[in-house]
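The block underneath contains the structure these notes are about, expressed in structure tokens.
The values are calculated or read from the model by the stated rules, or taken from the named source; none is laboratory data. Every value quoted in this text rests on a predicted model; they were computed, and no experiment measured them. Don't worry about glycine lacking a Cβ; one is built from the backbone with ideal geometry, like all the others, and counts go over all protein chains shown. Ligands, DNA and RNA are stripped out before the accessible areas are found, and what is left, the full protein with its side chains, is counted by its heavy atoms. Shrake-Rupley method; radii C 1.70, N 1.55, O 1.52, S 1.80 Å.
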Amino acid sequence: MDSLTQIVLGAACGEAALGKKIGNKALLFGSIGGTIPDLDVFVGSWLYGNEIDAMLFHRGFMHSILFSIMGAFLFGLLFFKMYDSGKRKYTTNVKDWIWLFFLSLFTHPILDAFTPYGTQLFAPFSNYRVAFNNIAVVDPIYTVPFLLCLIVMMFFKRNNPSRKLWLQLGLGISSAYMLFTLGNKIYIDSVFKTSLKEENIGYQRYFTQPTIFNNILWYGVLESETTYRVGYYSLLDEGDRFSDWFEIPKVRDISSEDFKRLNKLAWFSNDYFSIYRIGDNRYQYNDLRYPLSDKNNPNSSVFSFILFHDDGALNMKPFVRDDENVSQAVKELWERMKGKK
């Protein structure tokens, strides 16, 4: 999920592991642990000269269970050595720090696995991306109450029982909401399949996921032999069927036979993508796991990037977010979320 959410969850892990011993400083160290896996964005750029390889490194090994275990010992020992000195000598032990970093490192990829982006929990043994598709990458209902509980908790002394109460409240609210999104995902899938059956729409496969910032408006995509078909459903709709259907052509202006890295991109998007030639040695790659800002324009994907030939290999220009495009998409999604009569 987004960086703020991972910081909040990491801080809660720090409190659970070391809060009674070092107070609010545990939140700081937990938030550091919760941030470490996302540093793979910078590590990937440092390791690879190709932007595609660098992007695909994100949510790879540094988001795996193995990294969580190895990192717990590495960072736990390192931070214990830095902290255990002067007046703080013997106030903590190395097991406390290993536990803190294991919790904060391990919960990061687990939380990410609930999002559509997914994460490679079993790397390097498997590149399978675990993605339950039940919560958006940014969802304030998960994050804000959790954050507020931790803020209140910080005003109590480390031995005050109220700290534990507020920590449990924050974890309880966020976990209850996560369970709601899982149940909601099951319901949405049933609505989607019923909608397809009633409209006699054939398909090879499909997926559904919530749109950004909420769990009310959902986005469904099905794949046929030549097209993708997209529809929306809001929990506030009067009916219980997906609607606003539109088609996106399945365009492949370059193929994996020409460039091996295209296979990697296809894997990254779970094969929900299109590639359009937009100029000499320029192609737009649209990841169709995410909505379009304009359903009449198949090239208005909020998650797209430019590919080009680079000395016989496929490369991409660094991803640049189109704020106008994104804001337009969010505006349209907000209007659709209000429900359809």
*So what is the 222 nm mean residue ellipticity for the chain from helices alone, if each DSSP H run of at least 4 adds -39500 (n - 2.57) and you divide by all residues, rounding to the nearest 500 deg cm²/dmol?*
-15500 deg cm²/dmol
*asked:* Over the chain, with a Gaussian network built from C-alpha contacts below 10 Å, which listed residue (328, 209, 120) shows the highest mean-square fluctuation?
replied: 328
*For the stretch 58-166, convex hull of alpha carbons as volume per residue, Å³*: 123
*D (Stokes-Einstein, µm²/s), Kirkwood Cα radius, the stretch 195-287, 0.890 mPa s at 25 °C*: 165
*Send over a whole-number figure in Å² for the accessible area per residue of the chain, probe 1.4 Å.*
49
*Of 92, 143, 119, which has the largest mean-square fluctuation in a 10 Å C-alpha GNM of the chain?*
92
_Separation of the residue 89 and residue 128 label points, Cα + 7 Å toward Cβ, nm_ = 5.1
*Anyone know which of 31, 293, 175 comes out most mobile in the 10 Å Cα GNM of the chain?*
175
*Taking every pair of alpha-carbon atoms in the chain, give the share separated by more than 29 Å as a whole percent.*
46
*For the chain, give the percent of accessible area contributed by carbon and sulfur heavy atoms, probe 1.4 Å, rounded to a whole number.*
61
*Residues of type lysines that residue 260 reaches as a straight line, Cα spacing below 24 Å, ignoring anything fewer than 8 places off in the same chain*: 250, 317
*According to a simple spin-label model (label point 7 Å from Cα along Cα-to-Cβ), what is the distance in nm between residue 254 and residue 335?*
3.6
